[in-house]
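Student: Here it is: the structure, laid out below.
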Amino acid sequence: MAFTETVARLNKLSNRPDQTLTPIEQARRIAGLAQEKLAEDVVILDMRPACSYTDFFVICTGRNARQTKAIWDEVHERLKHDEHVLPQHVEGASEGTWIVGDYLDTVLHVFTPEARGYYRLDELWGDVPSVSVEAASATA
């Protein structure tokens with residue numbers, strides 16, 4: 001049975017409408033949730049022209065490791081609860097200087113200011129198009 005068919009059947013059983021987010025909707029949802037937790041300099045990069053492993057990067061900054069963890073926790077819990085989506089892989093959550101959450105279609109990068117300045121992903125991927133963050137919303 002195909003994955004989408006399985007999801008549709010599970011949604012039907014749980015009386016939940018089929019609300020699977022598209023990759024851009026997922027990126028905007030993640031960006032909106034990060035903004036709700038006061039993430040700064042939120043950027044959505046369209047990675048489709050540059051790489052094959054994901055469609056979008058959401059990059060944001062917390063003021064310190066404690067806030068980066070709070071941003072990550074909020075995104076993780078809300079996507080888990082509201083969308084029934086879990087990341088495939090997470091790195092850096094215990095340290096909090098650079099947290100990476102891989103949701104396959106979207107990869108979330110939450111940095112402290114020092115780590116963002118050091119790794120400069122915005123500059124590294126500066127040639128890929130960005131998506132308007134103003135369109136980001138925490139509600140799907």
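The values are calculated or read from the model by the stated rules, or taken from the named source; none is laboratory data. Quick caveat, the model's predicted, so the values are computed rather than measured. So basically every Cβ, Gly included, is an ideal-geometry build from the backbone, and we count neighbours across all protein chains shown.
Student: So R116 passes all but one of these: (1) more than 22 Å from E25 (Cβ to Cβ); (2) among the basic types (K, R); (3) out of contact with any His (no Cβ under 9 Å at 6 or more places or on another chain). Which condition number does it fail?
Tutor: Answer for R116: the failing condition is (3).
Student: Next question, about the same structure. Show the residue pairs meeting these rules: Cβ distance below 9 Å; 6+ apart or different chains; first residue within the stretch 105-120 and closer than 16 Å to L38 by Cβ; second residue in a helix (DSSP H, G or I) and acidic (D, E).
Tutor: Once the first residue is closer than 16 Å to L38 by Cβ and sits in the stretch 105-120, its partners that are in a helix (DSSP H, G or I) and acidic (D, E) give R116/D122.
Student: If a residue counts only when it is at pLDDT 95 or above, which helices (runs of 4 or more DSSP H) contained entirely in the stretch 1-103 have at least 1 such residues?
Tutor: Result: 23-36, 65-78.
Student: If you go through the stretch 94-116, how many residues are under 14 Å from the mean Cα position of the chain (by Cα), on the phi < 0 side of the Ramachandran plot and not aromatic (F, W, Y)?
Tutor: Qualifying residue count for the region: 10.
Student: Within the stretch 22-42, take every residue that is more than 18 Å from N64 (Cα to Cα) and of a type in the set (V, I, T) and give me the one that is surrounded by the fewest Cβ atoms within 10 Å (Cβ to Cβ).
Tutor: T22
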